[in-house]
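Notes for the one structure printed next.
The values are calculated or read from the model by the stated rules, or taken from the named source; none is laboratory data. Predicted model only: the values in this text are computed from it and were never measured. Note that each Cβ is placed from the backbone with ideal geometry, even for glycine, and that neighbours are counted across all protein chains shown.
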Amino acid sequence: MDLILRGATLPDGRTGIDIGIEKGRIATVEPTLQAAARQEIDATGLLVTPPFVDPHFHMDATLSLGFPRVNASGTLLEGIALWGELKPHLTAESIAERALAYCDWAVARGLLAIRTHVDVCDASLVAVEALLEVKKQVRPYLDLQLVAFPQDGVFRSPGALDNLKRALDLGVDVIGGIPHFERTMAEGADSVRALCEIAAERGLPVDMHCDESDDPMSRHVETLAYETQRLGLSGRVTGSHLTSMHSMDHYYVSKLIPLMAEAGLYVVANPLINIVIQGRHDTYPKRRGMTRVPELMKAGITVAFGHDCVMDPWYPLGSGDMLQVAHMGLHVAQMTGGDGMRACFQAVTENAAKVMGLEGYGLTPGCHADLVVLQAGDPIEAIRLQATRLYVIRRGEVIAETALAAARLNLPGRPKTTGHTNPWPKGVPESRTTRGG
């Protein structure tokens, strides 16, 4: 074989598993594999997972923080206004440079698939053309999907609908929208209908910024669910953000969630950004702002978490770490039970891959040999520690490595020791997080 990972722990709880890789795909997953390989990695006691996946990002804006200024209010609307100030200064070169730098960050953190929205309200489509080129460049090591996103409203912004269609003709993968930013509620509903009809005609997926608001009357996801069923788009449509659901009364939500499940909608929440941007106009009590993740999951709806922004007009922090996203998500959603924390890990791995429709994703024979070896013993520990990515593997080749995280302790009156990131009391079983390949 080309590569064997020995003694791995898998996200489903199996331990002592060997993963054999041939010709860029997983050949076998079994205990004590009797085979040789040109390369072996000792993963004893370490968590081996499929790569992290970000189903919602804005790569055309990433790493632009501070230019031309910083978002002083921290609100969504000022961020959009600030992006409008920045757009006239964008060049294909600057967009590509920032995007490629971010892709390097992503790979180092085991993030090997990203769905990015790209603004199509600029008639030059400079961001579209730049990111299409970036997509080609990163294809050997990262799956990049582009969403044609009319940031200023597909009806509200002159020419945006034609620009969106031109972007699709150039090869953009997914149709986006922002109905709550149209001029009226009725026009927002019309935009959902029109964009879903284009998706049906072209056979494309839909991923719509929907109800990213504290307004409990912003109810465009209801229209999105209806149009999904009317046009036969089930399994191809994603509602992103849906933050207004956090402000809706429970009676209406008890009707809405079954409608979404019936339509087969996917949902993407963006914990880092939703908790920062929403509730800005509240005094106290302040609303959390993130959509109803546990309730949606309980209804059988596939819910994923996205990073959304990194160092841009909307968010001044971030590093491309999807474990940080999962960590925030479980806190905001109060999903601190064992099943809830594992569900948050799935929200940045397998659920996110399902939203993106990734082929060959997973840990079964025949899947692409895209793997991450983490300095943790299980998904919960990985989130708690935001664990070091020891190895990042793409199609069977190691494309990134990071040294084990360790600290040398020099404490008065105690012998010098080399500690690590698992601070269990003496006598409590550890996850052997200091063992690597």
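Can you work out which of the residues in the stretch 188-206 that are in contact (Cβ under 8 Å) with a residue 40 or more places away in the chain and of a type in the set (A, V, I, L, M) is surrounded by the most Cβ atoms within 10 Å (Cβ to Cβ)?
This residue is 195.
Just checking, which of 65, 76, 10 is outside the structural domain of residue 325 (by TED's automatic domain parsing) and either within 20 Å of the chain's Cα centre (by Cα) or within 25 Å of residue 306 (Cα to Cα) (or both)? Walk me through how you get there before you give the answer.
Values: 65 fails: outside the structural domain of residue 325 (by TED's automatic domain parsing); 76 fails: outside the structural domain of residue 325 (by TED's automatic domain parsing).
On inspection, the qualifying residue turns out to be 10.
Confirm whether residue 348 is outside the structural domain of residue 56 (by TED's automatic domain parsing) and under 17 Å from the mean Cα position of the chain (by Cα). Don't jump to the end; show me each part of the working.
Details: outside the structural domain of residue 56 (by TED's automatic domain parsing): no; under 17 Å from the mean Cα position of the chain (by Cα): yes.
It is false that residue 348 is outside the structural domain of residue 56 (by TED's automatic domain parsing) and under 17 Å from the mean Cα position of the chain (by Cα).
Filtering the stretch 228-246 down to residues that are in a helix (DSSP H, G or I) and more than 26 Å from residue 280 (Cα to Cα), which residue is farthest from the chain's Cα centre (by Cα)?
By that ranking, first place goes to 230.
Would the stretch 81-99 turn up any residue that is in contact with a Gly (Cβ under 9 Å, 6 or more places away or on another chain), in the same structural domain as residue 178 (by TED's automatic domain parsing) and under 22 Å from residue 120 (Cβ atoms)?
Looking only at the stretch 81-99, we keep the residues that are in contact with a Gly (Cβ under 9 Å, 6 or more places away or on another chain), and these are none.
Checked against the condition, which is being in contact with a Gly (Cβ under 9 Å, 6 or more places away or on another chain), in the same structural domain as residue 178 (by TED's automatic domain parsing) and under 22 Å from residue 120 (Cβ atoms), the stretch 81-99 yields no hits at all.
What is the residue count in the stretch 316-340 for residues that are within 16 Å of the chain's Cα centre (by Cα) and either among the hydroxyl-bearing types (Ser, Thr, Tyr) or more than 27 Å from residue 73 (Cβ to Cβ) (or both)?
Residues meeting the conditions: 5.
Yes/no per residue for (1) touching a helix residue (DSSP H, G or I) at 6+ places or on another chain (Cβ under 6 Å); (2) at pLDDT 95 or above; (3) surrounded by fewer than 21 Cβ atoms within 10 Å (Cβ to Cβ); (4) not assigned by TED's automatic domain parsing to the domain that holds residue 176:
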| site | (1), (2), (3), (4) |
| --- | --- |
| 109 | no, yes, no, no |
| 112 | no, yes, no, no |
| 121 | yes, yes, no, no |
| 127 | yes, yes, no, no |
| 136 | no, yes, yes, no |
| 151 | no, yes, no, no |
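Identify, by number, the condition in (1) surrounded by fewer than 20 Cβ atoms within 10 Å (Cβ to Cβ); (2) closer than 15 Å to residue 214 by Cβ that residue 244 doesn't meet.
The one condition residue 244 does not meet is (1).
Of the numbered conditions (1) part of a strand (DSSP E or B); (2) modelled with pLDDT under 95, residue 399 satisfies every one except a single condition; which is it?
Exception for residue 399: condition (2).
Residues are listed down the side, and each one gets a yes or a no for (1) in a helix (DSSP H, G or I); (2) without any contact (Cβ under 8 Å) to a residue 24 or more places away in the chain; (3) buried (at least 18 other Cβ atoms within 10 Å of the Cβ):
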residue: 162; (1), (2), (3): yes, yes, no
residue: 183; (1), (2), (3): no, no, no
residue: 208; (1), (2), (3): no, no, yes
residue: 214; (1), (2), (3): no, no, yes
residue: 218; (1), (2), (3): no, no, yes
residue: 226; (1), (2), (3): yes, no, no
residue: 260; (1), (2), (3): yes, no, yes
